[in-house]
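Below: the structure, in structure tokens.
Throughout, read-outs are computed from the coordinates displayed, never taken from laboratory work. Quick caveat, the model's predicted, so the values are computed rather than measured. Because the Cβ atoms are built from the backbone with ideal geometry, glycine has one as well, and the counts that use them run over all protein chains shown.
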Amino acid sequence: MYATRALRQAAVHAERTPLIRFIGKRNVPEQVDHTPQPHPASPTGALPAGFGSGQNGGNSHTSFSSYRDHAQQHGPLRKSIASANGIGSQPAAHLGPVEPPKGVYFDRNELPERFRRVPLTAAEIEAIETGGATLFG
């Protein structure tokens, strides 16, 4: 109890020095170029064809702020994006049935028998519960 009190008092009176040291003065650039650039390690050294023009798989944003205006994660970030055809404008029942394509299964139990999990035997359950001690005794 007294040790904690003494440490607190020592910490209050001690001058803290950070463990990290920076070399030189802080340098903040006056202007920053925000135009899209290819990654330095890209094999071609160029942006994809049609980047930012709306022709490349729906990428119609020419800047990050344009993207941010229309971005959605758990709903629209801005309320002005909601429209008559937007997310949540019609109930899910109107979107049609949810049927997996042929060869795709939603649940493991829908798979053929040979791909399903094999149920554990009583001996395996006992070995798991005892940490394997019953296997040697």
Please give the peptides 121-132, 97-108, 22-33 ranked by average Cβ packing (other Cβ atoms within 10 Å per residue), highest first, as a rough proxy for protection.
121-132, 97-108, 22-33
Can you pull the one-decimal nm distance between simple spin-label points at A6 and K102, each 7 Å off the Cα toward Cβ?
8.1
Using a 7 Å offset from the Cα along the Cα-to-Cβ direction at both T130 and A14, what is the distance between the two label points in nm, to one decimal?
5.3
What spacing in nm lies between the two simple spin-label points modelled at A93 and Q37, each 7 Å away from Cα in the Cβ direction?
5.5
